[in-house]
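For reference, the structure discussed in these notes is given below.
The values are calculated or read from the model by the stated rules, or taken from the named source; none is laboratory data. Quick caveat, the model's predicted, so the values are computed rather than measured. Note that each Cβ is placed from the backbone with ideal geometry, even for glycine, and that neighbours are counted across all protein chains shown. Keep in mind that these areas ignore ligands, DNA and RNA; they rest on the heavy atoms of the full protein, side chains included. Shrake-Rupley method; radii C 1.70, N 1.55, O 1.52, S 1.80 Å.
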Amino acid sequence: KGQETSDKEYSLNDSAFAREALTKAQTSLLQAEAKSVESATNKMLAGVALIVTGAFSSRPSISLYEALDETIIPETADGLTGKMTTDGRELSVGNYAEGLTRETSQQALLAGQGIVANDAGFHYVRISEHQSSCPLCQPYQGKILIDDVWSNGRADGKHELLSVAKANGLFHWNCRHTKTIWYPGAYEPSPSQSYDPKKVAETYRLEQIQRNIERNIRRYKRVAETALTTQKQAAAKAKVAEWQ
């Protein structure tokens, strides 16, 4: 009976957190949708304003479609803005929604683990490892930490607190690392024999290049799909082929 009650408590706690996380995600998605509409409107009005104010008066033979291709299409090539970051970067609504989905799922997982581990009295966690870790997370790969973020762990004078690692960048936006429960005496973790920090750094660098290539392919595909003239469409398709 005691075990049944305990399981029920975990379920209620996890459900409450899941609902909170989902509500926050839904709110953020609605804000992103509103931002994308604002972005589309502003870009369209800016393009129309250039045409109306005679920006192309020196080129009387230019068509309306050509003028729109030169003013609006370049502005929408990177997608409609869904989020402005604190450092002034624009995230497209598609990329932001994808990242938000991953982030919400990740945070729900981390918190759910913390709830169960805390009730069981386990406060040590081991951080996962992967071969393309970013520089922020690389120092913590495979490391044992005390969870004082999602659990009530306390400093033991030997292991670093998870809150410190998190402040240094671990579990950042779109982070792929996870944590698993660890307790002293179960086993002593050691880095994988195939783990090489230099190789990890190089793999991460190459992965960033790959992602940039993928972004450019998507960028010019958007131009090809939205361009109004055959010339602009052809030029964009050539760019797609170049990046592919």
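A few points about this structure:
- Lone qualifier among Tyr96, Tyr65 - being assigned to a helix (DSSP H, G or I) and either under 29 Å from Ile181 (Cβ atoms) or open to solvent by less than 30 Å² (accessible area, probe 1.4 Å) (or both): Tyr96
- Against the conditions (1) free of Cβ contacts under 8 Å to residues at least 40 places away in the same chain; (2) within 23 Å of the chain's Cα centre (by Cα), Glu160 satisfies every one except (2).
- Single condition Thr27 does not satisfy, out of (1) open to solvent by 30 Å² or more (accessible area, probe 1.4 Å); (2) within 23 Å of Arg222 (Cα to Cα): (2)
- For segment 209-233, a tally of residues being of a type outside the set (D, E, K, R), over 17 Å from Ser92 (Cβ atoms), open to solvent by 60 Å² or more (accessible area, probe 1.4 Å) and assigned to a helix (DSSP H, G or I) returns 4.
- Considering residues of segment 139-184 that are charged (D, E, K, R) and in a loop (DSSP other than H, G, I, E, B) only, the residue nearest to Phe122 (Cα to Cα): Asp147
- In segment 140-159, the residues that are open to solvent by 50 Å² or more (accessible area, probe 1.4 Å) and under 18 Å from Trp173 (Cβ atoms): Val149
- One residue alone among Tyr195, Tyr187 is at pLDDT below 90, surrounded by 11 or more Cβ atoms within 10 Å (Cβ to Cβ) and part of a loop (DSSP other than H, G, I, E, B), and that residue is Tyr195.
- Count of segment 20-38 residues which are out of contact with any helix residue (DSSP H, G or I) (no Cβ under 8 Å at 6 or more places or on another chain) and either modelled with pLDDT under 65 or over 15 Å from Leu109 (Cβ atoms) (or both): 8
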